[in-house]
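Student: My questions will all concern the structure given below.
The values are calculated or read from the model by the stated rules, or taken from the named source; none is laboratory data. Just so you know, these numbers come straight off a predicted model, no measurement behind them. Cβ: placed from backbone, ideal geometry, glycine included. Neighbour counts: every protein chain shown.
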Amino acid sequence: MTIFVTLARRTEIYSKSFIPSSVALWNDLSNEMKESHSLNIFKSNLKRLFKPPVVPEYFYTGMRKFTVYHARIRNHCSNLNADLYLNHLRDSPTCQCGYRSENAEHFLLIVIYFRLLENILCSQH
Ligand SMILES: [Zn+2]
């Protein structure tokens, strides 16, 4: 069986980086796991050992389109100016209305509210 030795490390950040942490994980595996006869057997043994988390059913409910929008907003990857600014794709996070940041809160609570109000007022004339 193969045991790897970790190199001396100077910083805590490096000890948590990929190679040292991978070496530590490999060395902690049982001999049975390390001596798997094929990659597929190794992978199935890993799945049995670590049991990947079950994805909750509510992740699959609702319309996919809105789930994608929700995920983009939560991960700051939407087309809102604040997210575009955060991702270095806009020069400013300001909203078209002049508010300092077109973020999710401003968009969902203020912009949509005023658009609905505008539609109601326009439909009355
Ligand atoms: Zn605005």
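Student: For the range 46-70, enumerate the residues that are under 30 Å from residue 34 (Cα atoms) and part of a helix (DSSP H, G or I).
Tutor: 46, 47, 48, 49, 50
Student: Which of the residues that make up the range 99-115 are of a type in the set (Asp, Glu) and in a helix (DSSP H, G or I)?
Tutor: 105
Student: Please name all residue pairs, on different chains or six or more residues apart, with Cβ atoms under 6 Å, provided the first residue is in the range 71-98 and is part of a loop (DSSP other than H, G, I, E, B) and the second residue is among the aliphatic types (A, V, I, L, M) and more than 16 Å from the ligand (Cβ to nearest atom).
Tutor: From residues that are part of a loop (DSSP other than H, G, I, E, B), the pairs are 76/86.
Student: Right, another one. Considering only residues that are of a type in the set (D, E, K, R) and surrounded by 11 or more Cβ atoms within 10 Å (Cβ to Cβ), look in the range 74-104 and name the one that is farthest from the chain's Cα centre (by Cα).
Tutor: 100
Student: I need a count of the residues in the range 110-125 that are within 11 Å of the ligand (Cβ to nearest atom) and surrounded by fewer than 10 Cβ atoms within 10 Å (Cβ to Cβ).
Tutor: Counting residues in the range 110-125 that are within 11 Å of the ligand (Cβ to nearest atom) and surrounded by fewer than 10 Cβ atoms within 10 Å (Cβ to Cβ) gives 0.
Student: Note down all Cβ pairs under 9 Å where the first residue falls in the range 4-17 and is surrounded by 11 or more Cβ atoms within 10 Å (Cβ to Cβ), the second is charged (D, E, K, R) and in a loop (DSSP other than H, G, I, E, B), and they're at least six residues apart or on different chains.
Tutor: 15/9; 17/9
Student: Only one of these is more than 11 Å from the ligand (Cβ to nearest atom) and either of a type in the set (Phe, Trp, Tyr) or assigned by TED's automatic domain parsing to the domain that holds residue 28 (or both): 43, 65. Name it.
Tutor: 43
Student: I need the full set of residues from the range 27-68 which are of a type in the set (A, V, I, L, M, F, W, C) and within 26 Å of the chain's Cα centre (by Cα), in order please.
Tutor: Hits for the range 27-68 are 46, 49, 50, 54, 55, 59, 63, 66, 68.
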